[in-house]
Amino acid sequence: FPRWLGDTALLYSGDKGREMPAAYQVAMNGREENLGRRNGIGANVRLPDGSILFSQPDYLDPYHLRQDLYVQRGDDQIRLTRGARLSSADVRADGEVVAVQDVPATTRLVRMSSRGGAIAPITSATIDTQWMDPRWSPQGSRIVAVEQTRGISQIVVLDENGGQLMSFGASRSINSQPSWSPDGARIYFSSERNGMPQIYVADITQTPVRLARLTDAATGVFSPEVSADNTKLATVLFLADGDHIGVAPIPQPLGYSDIDSSRVSPRAGCANCVALVDGTAPLGTSDTSKATRYSPWLSLLPRYWLPVFGSTTTDGSFFGAATSGYDIVSRHNYAVEVHRNLRFHENSGWLWYRYAGLGLPLIDLSASQDYSHDVLYTGTAGNFTDVGTFIQRDRIVSLQATFIRPRFRTYSQASIGGEIENFAYSTTPDTLLQYLTSFYTTSPTFPAIVASFGWSNSQRPGLSISPEDGISGSVLARQRWQSGTSGSSTRSVVGVSSLYKSLDLQGFAHHVLALRGAGGLTDERSPDRFSAGGISGTSLEVFPGVPLGEQRRVFGVRGYPAGAEGGIRAYSAAVEYRAPLAAPSRGFRFIPVFVDKTSLTLFGETGRAFCPASASASGTGVCRTSDAANPVMTSAGAELNIDTGIQLDVAARIRLGVAFPLANRADLRAPTAQLYGTFGASF
């Protein structure tokens with residue numbers, strides 16, 4: 001939507017992929033200035049005071065997305081309307097605005113002041129008529145717009161109150177984006193009447209109005225805009241690599257009054273074609289069927305199941321099944337998964353259910369039973385012998401209320417709820433349990449209150465390899481009580497924050513400097529510990545029932561074994577330099593993997609999980625004396641990131657990396673170098 005600023009510069013909106021959509025000012029030598037971010041692509045118009053009027057979409061709440069008018073004054077963007085559904089705005093010299101307003105099933109033209117206030121319709125809203133692209137004449141007494149009605153597109157000139165003065169260019173092809181010559185005698189527009197979008201001009205001083213075609217581009221030409229000195233024509237030219245803004249002297253006509261060659265349906269002249277399907281009501285008949293209350297059950301029933309298989313060194317092999325479902329309006333969502341462990345003959349299961357019928361809050365119910373296993377050793381002076389297995393059974397039931405606030409530029413979420421968690425401990429063989437601290441001879445139950453909050457304003461342009469130019473953070477706090485023990489309680493809090501800064505260096509996308517920090521704190525009465533070490537990623541089900549990849553870890557440190565350290569205190573920090581490599585955006589023959597982008601990450605990471613010496617010596621919780629001496633883990637390395645579409649429609653990031661432990665490698669049984677592969681972002 002190019003708009004002239006005098007005769008030497010243009011104002012336009014664009015989405016270049018490297019940055020978020022924005023308004024730009026470009027001089028005739030091609031030098032550009034980013035004037036401010038936009039939520040979408042639309043016309044930007046200078047107001048008499050020099051500010052910029054534009055429309056953009058944003059959320060009113062989690063379920064309503066609306067287009068509204070905004071004014072940018074300096075770096076500040078001021079919202080003029082809320083939920084008004086206004087777009088394609090234009091302004092005349094006195095600040096009066098004309099725009100398109102969406103109404104149920106159709107559109108209409110409206111007027112309002114650029115200072116806000118009442119919205120006044122100037123055309124009627126009928127289902128068989130749509131309005132587009134209104135523009136004030138230079139004198140401000142007329143409006144040109146595109147009217148589409150009953151399959152016909154035409155250019156219409158209206159007076160300032162919506163009265164129709166003339167129409168021309170009627171065609172079954174698409175007419176779009178009309179604009180005025182500086183003297184108001186001609187109207188330029190784009191039309192597809194010869195099969196490809198070209199620029200046309202109409203001299204509206206003649207009767208009948210005569211059309212002349214000005215361009216003959218092999219691709220499309222749109223958005224004609226004549227300079228104030230009436231010598232240059234700015235347009236948008238579509239080429240193989242995208243849209244381009246171009247300026248040229250106003251061309252001489254190539255031909256006049258092109259006949260509309262757009263094809264109509266072959267049924268139009270078919271004498272034997274059936275107009276209506278047997279059993280349907282005649283045209284114009286009202287629907288008199290009885291309305292009934294919405295029932296989710298038919299669409300809520302599960303429609304599939306997937307086998308699940310897996311194996312780990314400590315837990316052994318397992319098999320199971322998973323399914324999920326939701327009703328057609330997503331009022332109900334659920335997921336269920338069950339496992340059977342073959343080594344220890346244990347059953348695990350997970351259930352998650354969300355009810356969104358209240359709008360907000362979202363009600364989340366979850367229940368799970370899971371088992372974890374660890375090897376028990378005995379020995380002294382560095383000589384250890386495997387004597388058995390320690391088993392922890394964990395049952396959790398939780399109910400939470402979640403509030404979300406999605407916006408185009410920020411996202412926030414808060415939740416509060418309660419949970420009940422029960423632990424049971426055992427050993428194989430069972431005679432080993434007596435040698436552990438008395439804590440493990442109990443089966444504690446912990447009712448808890450859980451609260452969390454998260455917020456983010458990081459950006460993600462279309463070609464980006466990482467979040468950019470923003471921060472994200474989350475805090476999770478839990479207050480637990482041990483049932484049956486007066487005054488016995490435990491608290492924990494975990495905080496995570498990430499910061500991203502883009503660097504405008506060479507490449508198809510910005511380079512990014514990313515920082516992350518995480519910390520966790522609980523007390524010696526806690527029923528479980530934080531763990532540090534390992535690769536943080538995402539598990540992806542490449543084939544049904546075959547998940548690959550690592551789990552998400554709050555205190556992961558690449559290069560060290562997963563869970564190498566444990567304790568009631570934990571922290572981690574990471575710094576990454578992320579650089580784009582290539583964007584092939586293609587597949588290879590018949591292999592069902594689509595490679596979109598590749599990038600390189602250089603990282604440094606540190607972390608630790610430990611117990612204070614006082615907690616380790618007390619013997620009242622999960623801390624052991626050795627946990628007080630847990631050393632710091634520090635590593636560095638590099639990753640190759642491949643953004644892919646697996647089976648052509650499952651988006652995934654493949655990370656292939658090498659990590660070099662730099663500190664306390666022997667103490668934590670870390671290798672000299674670790675080669676790894678996983679899915680998902682590191683953070």
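Across the stretch 127-141, in residue order, what do the Karplus-derived ³J(HN,Hα) couplings come to in whole Hz, using 6.51 cos²θ - 1.76 cosθ + 1.60 with θ = phi - 60° and x for Gly and Pro?
5, 8, 9, 10, 10, 8, 6, x, 9, 5, 6, x, 7, x, 9
When ranked by the protection proxy of mean other Cβ atoms within 10 Å per residue, highest first, what sequence do the peptides 547-555, 444-452, 356-364, 172-180 form?
By packing density, highest mean first, the sequence is 172-180, 547-555, 444-452, 356-364.
Using θ = phi - 60° and the Karplus relation 6.51 cos²θ - 1.76 cosθ + 1.60, list the HN-Hα couplings for the stretch 368-375 in order, rounded to whole Hz, with x at every Gly or Pro.
Taking θ as phi minus 60°, the curve returns 8, 9, 9, 10, 10, 10, 9, 7 Hz for the stretch 368-375.
When the Karplus curve 6.51 cos²θ - 1.76 cosθ + 1.60 is applied with θ = phi - 60°, which whole-Hz ³J(HN,Hα) does each residue of the stretch 641-646 get, with x for Gly and Pro?
Result, rounded to whole Hz: 9, 10, 7, 10, x, 7.
Between the alpha-carbon centers of the stretch 1-67 and the stretch 169-245, tell me the distance in whole angstrom.
21 Å
What percentage of the solvent-accessible surface of the chain, computed with a 1.4 Å probe over protein heavy atoms, is contributed by carbon and sulfur atoms?
57 percent
Just report the Cα centroid separation between the stretch 651-683 and the stretch 553-594, whole Å.
8 Å
Sort the stretch 150-202 into rounded, prolate or oblate with this rule: let a ≥ b ≥ c be the square roots of the eigenvalues of the Cα gyration tensor; rounded if a/c is under 1.5, and if a/c is not under 1.5, prolate when a/b is larger than b/c, oblate otherwise.
oblate
At a Cα cut-off below 23 Å, give the lysines reachable from Lys16, other chains included and same-chain residues fewer than 8 away excluded.
Partners within reach: Lys501, Lys597.
Among 416-425, 189-198, what's the highest-first ranking by average C-beta atoms within 10 angstrom per residue? Don't jump to the answer; show the numbers that get you there.
On the way: 416-425: 16.6, 189-198: 20.6.
Top to bottom by mean Cβ count within 10 Å: 189-198, 416-425.
Determine, for each peptide in 584-595, 99-110, the mean count of other beta carbons within 10 angstrom over its residues, then list the peptides with the highest first.
99-110, 584-595
Roll a 1.4 Å probe over the protein chains and send me the accessible area per residue for the chain in Å².
With all protein chains present, the chain gives 51 Å² per residue.
With Cα extents along the principal axes in Å defined as stated, name the option among (1) 83, 66, 55; (2) 89, 67, 44; (3) 105, 64, 54 computed from the structure displayed.
Of the listed options (1) 83, 66, 55; (2) 89, 67, 44; (3) 105, 64, 54, (3) comes from this structure.
Round to the nearest 0.05 the FRET efficiency obtained for Asp183 and Ala414 when R0 = 45 Å and r is the Cβ-Cβ distance.
0.20
Put a dot 7 Å past each Cα toward the Cβ at Ala666 and Ala27; how far apart are the dots in nm?
Once both label points are built, they end up 6.5 nm from each other.
Can you pull the one-decimal nm distance between simple spin-label points at Leu600 and Ala451, each 7 Å off the Cα toward Cβ?
4.7 nm
Fully extended, how many nm does the chain gain between Thr207 and Leu165 (0.36 nm per residue separation, minus their Cα-Cα distance)?
Value of the extension gain: 13.8 nm.
Based on the Cβ-Cβ distance of Ser317 and Ala118, what FRET efficiency does E = 1/(1 + (r/R0)^6) give at R0 = 56 Å, to the nearest 0.05? Before the final figure, lay out each step's value.
Values: r = 70 Å, r/R0 = 1.24.
After rounding to 0.05, the efficiency reads 0.20.
The values are calculated or read from the model by the stated rules, or taken from the named source; none is laboratory data. Because the structure is predicted, anything quoted here is derived from the model rather than measured. Every residue, glycine among them, receives a Cβ derived from its backbone with ideal geometry; neighbour counts consider all protein chains shown. The accessibility values were calculated without ligands, DNA or RNA, using every heavy atom of the protein model including side chains. Shrake-Rupley method; radii C 1.70, N 1.55, O 1.52, S 1.80 Å.
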